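The values are calculated or read from the model by the stated rules, or taken from the named source; none is laboratory data. The shown structure was predicted, so the numbers you read here are calculated from the model rather than taken from an experiment. Using ideal geometry, Cβ is built from the backbone for each residue, glycine included, and neighbour counts are taken over all protein chains shown. These area figures cover heavy atoms from the full protein model, side chains too; ligands, DNA and RNA do not enter into them. Shrake-Rupley method; radii C 1.70, N 1.55, O 1.52, S 1.80 Å.
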Amino acid sequence: MTATKRILVTGGAGFLGSHLCERLVAEGHDVICLDNFFTSQKYNIEHLLGKKNFEFVRHDVTLPIYLEVDEIYHLACPAAPGHYQFNPIKTMKTSVLGSINMLGMAKRCGAKILLASTSEIYGDPHVHPQPESYFGNVNTIGIRSCYDEGKRAAETLFMDYHRMNKVNIRIVRIFNTYGPRMHPYDGRVVSNFIRQAITGNDITIFGDGSQTRSFCYRDDLVEGFVRMMRAPDSFIGPVNIGNPGEFTIRELGELVIAMTGANVKLVTKPLPADDPSRRRPDITLAKKHLDWEPTIPLRDGLAKTIAWFKTVDMDQYRPPTPNY
Ligand code: NAD
Ligand code: UDP
């Protein structure tokens, strides 16, 4: 058991944040979950609200806030393309101003701070699989740029606060992660395919479905996060956390149909602009420095995710607020 800490999780009511809060609360830490519920729901954290070591703060990270903490996991940011493209200017503000506010807090408190960055910083990669040393191939002016460039700027801010102000940072680049508590209408491929299959709708393949992704189950990701936060100060990252198992989107669609037994077809839709054609993490650094590698194969993770989606009342999920 590690010593009890005061830990802030921004974006803590979201898909990944709520699981991280759960883990940290179970370990006995004093957890503050900060979120504005843009892409999440209160019931992601309602089971934690009564715990004496859990506190929720409704706040937008683009605005300053003063809290006293020892560690910050900085996740607040819309993550699904449909969510981050809803208000792209706000997405960029969330990444840049949100990171500045949280880095300022880390500097003032002497707290350690971890950034939830993304494989999107590699764009449509020319190097495959992607090692952390690859600078990426990113369009600065496309519809994904608000997210990709926002996260790239956030990484830059983290490194500059580290070099200039000696802030103790960690940078994690997350590759597509899925599991229970994904927003059923977030438009991401795993949530879309499962929702479509279990509601008897055809599965929408964008493009010809030959593009690839590597899918990491959320428990593996949370374990990687925590190991990175607790890694020796000599290893600040960036580090890739993801599952190197690589699948075409068509393969994923076929697997979801087979596993749900749904009587639906694969139908094709136009490929959105700048959709990366392939993606797979090189996890050599995570293995070496964190002794981390994923343990949950796609089939097992999908089985748990499908089971959860079957229990959910999808009418309870709201789209992002129009005033975001
Ligand atoms: P999510 O949308 O479920 O969680 C994001 C959370 O941030 C939500 O609860 C949302 O309400 C909150 N939020 C958004 N804007 C905010 C703001 N301005 N102020 C306060 N809170 C705000 O998505 P997720 O999949 O849990 O992603 C969490 C983090 O991990 C994000 O930073 C995302 O970019 C990163 N990430 C996720 C994946 C993935 O595959 N899940 C991949 C790469 C990176
Ligand atoms: N995709 C798809 N059908 C859908 C949703 C997504 O074919 O209904 C494709 C999408 O074009 C992309 C891949 O699945 O190639 C992963 O999409 P997602 O939005 O989950 O994540 P990202 O593109 O950010 O990796």
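Tilt of helix 218-229 relative to the longest C-alpha principal axis of the chain, in degrees (0 to 90, nearest 10)?
With rounding to tens, the tilt is 20 degrees.
Considering only lysines 8 or more places apart in sequence, or on different chains, count the pairs in the range 170-324 whose C-alpha atoms sit under 28 Å apart.
Close lysine pairs under the 28 Å cut-off: 5.
Just PRO297, PRO131, PRO184 to compare: in a GNM of the chain, with alpha carbon springs under 10 Å, which one fluctuates most?
PRO297
How far is the Cα center of the range 38-73 from the Cα center of the range 135-194, in Å?
20 Å
Any chance you could list P(r) for the range 229-290, counting all Cα-Cα pairs in 10 angstrom bins from zero, rounded to whole %?
Pairs per bin, as whole percents: 16, 31, 26, 19, 8, 0.
How big is the antiparallel share of DSSP beta bridges in the chain, given as a percent to the nearest 5?
Bridges in the chain that DSSP calls antiparallel: roughly 10 percent.
Mind listing the phi-derived Karplus ³J(HN,Hα) values for the range 142-156, rounded to whole Hz, using 6.51, -1.76 and 1.60 with θ = phi - 60°, and x for any glycine or proline?
x, 6, 8, 5, 4, 7, 4, 6, x, 5, 5, 5, 4, 4, 4
Tell me, what is the per residue accessible area of the chain in Å², probe radius 1.4 Å?
Numbers: 13630 Å² over 324 residues.
On a per-residue basis, the chain sits at 42 Å².
Kindly provide the pair-distance distribution of the range 88-152 built from C-alpha pairs, with 10 Å bins from 0 and whole-percent values in order of increasing distance.
P(r) over the range 88-152, rounded to whole percents: 21, 41, 29, 9, 0.
May I ask you to derive the relative contact order of the chain, considering only C-alpha pairs under 8 Å and at least 6 residues apart, and to give it as an integer percent? Please report the intermediate quantities before stating the final value.
On the way: 635 pairs, mean separation 57.5, N = 324.
So the answer I get is 18 percent.
Quick one: Debye curve from the C-alpha atoms of the chain, no solvent, what's log10 I(q)/I(0) at q = 0.14 Å⁻¹?
-1.12
Just subtract the alpha-carbon distance of LEU255 and LEU271 from 0.36 nm times their residue separation and send over the number in nm, one decimal.
3.7 nm
Using label points projected 7 Å from each Cα along Cα→Cβ, tell me how many nm separate PHE135 and LEU63, to one decimal.
3.9 nm
Most fluctuating residue of THR118, THR295, THR94 in a GNM of the chain with Cα springs under 10 Å: which is it?
Looking only at THR118, THR295, THR94, the biggest GNM fluctuation is shown by THR295.
With every protein chain present, what accessible area does LYS287 have (1.4 Å probe, heavy atoms only), rounded to the nearest 10 Å²?
Probe radius 1.4 Å; accessible area of LYS287 about 100 Å².
So if I place +1 on the C-beta of Lys and Arg and -1 on the C-beta of Asp and Glu, and nothing else carries charge, what would the dipole magnitude of the range 110-205 be about its Cα centre? I want it in debye, nearest 20. It would help to have the intermediate numbers written out before the result.
Details: 11 positive and 9 negative charges, 86 e Å.
For this selection, approximately 420 debye.
Average projected area of the Cα convex hull of the range 175-324, in nm²?
Averaged projected area of the range 175-324's Cα convex hull equals 10.5 nm².
Using alpha carbons only, how many degrees (0 to 90, rounded to 10) separate the axis of helix 189-198 from the longest principal axis of the chain?
The two axes meet at around 50 degrees.
Where Rh denotes the Kirkwood radius from the mean inverse Cα pair distance, what is Rg over Rh for the range 1-117?
Taking Rg over the Kirkwood Rh, I get 0.95.
With the dipole of the range 206-324 worked out from charges on the C-beta (+1 for Lys and Arg, -1 for Asp and Glu) around the Cα centre, which of PHE225, PRO281, GLN211 lies farthest toward the positive end?
Comparing the listed Cα positions along the dipole, GLN211 ranks first.
For the chain, which whole percent of the accessible surface, found with a 1.4 angstrom probe, sits on carbon and sulfur atoms?
In the chain, the share of accessible area belonging to carbon and sulfur is 52 percent.
Below 22 Å, Cα to Cα, which lysines can LYS52 reach? Residues fewer than 8 away in the same chain don't count.
Counting by Cα, and skipping residues close in sequence, LYS52 has these lysines nearby: LYS5, LYS42.
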